[in-house]
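Here is the structure we will look at, set down as C-alpha cells.
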Amino acid sequence: MKKLIALPVLAFCLAGFISVDFAAGDDLEPAPFRGDPNSVLAKFDLQGQANLDSFSEGANPTFPLFPLPATITQDPTGAPFYQVELPNYIDDLPLKLMRIQYSWFGQTGDAQTVTINVSPNVPGGSIALVDSGPITPVPGVPNAFHRYDDFEIRPNPDFESIQVEFFNSDPRWLIFDTISTVPEPSTLSLGLLLVAGLTTQRWRYAC
C-alpha cells in the first residue's frame, strides 16, 4: 500500500528552484497538464555537464512530493545515452501521464526513450507509448531539432527511472512533464453509461 511521505527536506529540495527561468530550453510542446496538482516538471541542459536546469511541481496539499532531487547521468562511455530519475507524488491515483521532449543538433538525428523502469513493478502493469510528435526545427536555432513522446503508465508507480538515447546527433535538451491522475472516461464508456441511464428511465416509466 502506498504511504504518505512527508519529510522536512521537501521544502529545502524545492526552494532552490523557485526563481529559475522556466522559459529556458527548447520547450516547444509543454504538456497540457503542466502546473496542475500532482504534476512535475524537470528540464535538463545536456550541453556541457548535463546539469539540471530547472525543476518545479504542481502542489498537492494531501500528498507532498517525495523529496528526492531530479537527477540525470550520462553513459560512462560518453555515448549520448542518459538515465533520468524524477521525484514523484506517492499517492493512490491509478495513472501516470508522462511527456518527454527531446532536442538536439543535427538534421539526421533523433532520440527515443529506450526503457522506463518503475517501482513497484506490479504484475499486469503497462507502460504504453500513446502519442509522438514529428521532428521539427527549433525556431531561431540553426541545425537544432525537436520532438516529443507521450506515455501512460498503469498503475501509477512510486518511482520511475527513464533511459533516453540520442542518435546521430549532439544532444541539447531533455524536458519531462509527469502527472498522477485518473483515466478520462472513454467514448465507449460514456456511451454505455448513457444507454444504461436511458434503460433505467424506461424501466421506471414502465412501472
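Considered as a group, the residues in the stretch 38-91 that are among the β-branched types (Val, Ile, Thr) and in a loop (DSSP other than H, G, I, E, B) include one that is modelled with the lowest pLDDT, and that residue is Thr77. Considering the stretch 64-78, and only residues there that are surrounded by fewer than 17 Cβ atoms within 10 Å (Cβ to Cβ) and either in contact (Cβ under 8 Å) with a residue 12 or more places away in the chain or on the phi > 0 side of the Ramachandran plot (or both), the residue that is farthest from the chain's Cα centre (by Cα) turns out to be Gly78. Of all residues in the stretch 89-128, those satisfying the criterion of being open to solvent by 60 Å² or more (accessible area, probe 1.4 Å) and within 19 Å of Phe167 (Cα to Cα) are Gln107, Thr108, Gln112, Val114. In this structure, does Phe22 turn out to be open to solvent by 40 Å² or more (accessible area, probe 1.4 Å) and either modelled with pLDDT under 85 or in a loop (DSSP other than H, G, I, E, B) (or both)? So Phe22 passes the test.
Filtering the stretch 141-158 to residues that are more than 11 Å from the chain's Cα centre (by Cα), under 15 Å from Asp92 (Cβ atoms) and either aliphatic (A, V, I, L, M) or part of a strand (DSSP E or B) (or both) leaves only Arg154. Using the structure shown, decide if Asn143 is open to solvent by 60 Å² or more (accessible area, probe 1.4 Å) and closer than 16 Å to Glu160 by Cβ. No, not satisfied. Of the residues making up the stretch 183-203, none is open to solvent by 80 Å² or more (accessible area, probe 1.4 Å), farther than 25 Å from Trp104 by Cα and at pLDDT 90 or above. Among the residues making up the stretch 162-182, a single one is open to solvent by 10 Å² or more (accessible area, probe 1.4 Å) and small (Gly, Ala, Ser): Ser169.
Restricting to the stretch 92-131, give me the number of residues that are free of Cβ contacts under 8 Å to residues at least 60 places away in the same chain and not in a strand (DSSP E or B).
7
The values are calculated or read from the model by the stated rules, or taken from the named source; none is laboratory data. Predicted model only: the values in this text are computed from it and were never measured. Neighbour counts run over all protein chains shown; Cβ positions are idealised from the backbone, glycine included. When the accessible area is computed, the model is the full protein with side chains, heavy atoms only, and any ligands, DNA or RNA have been set aside. Shrake-Rupley method; radii C 1.70, N 1.55, O 1.52, S 1.80 Å.
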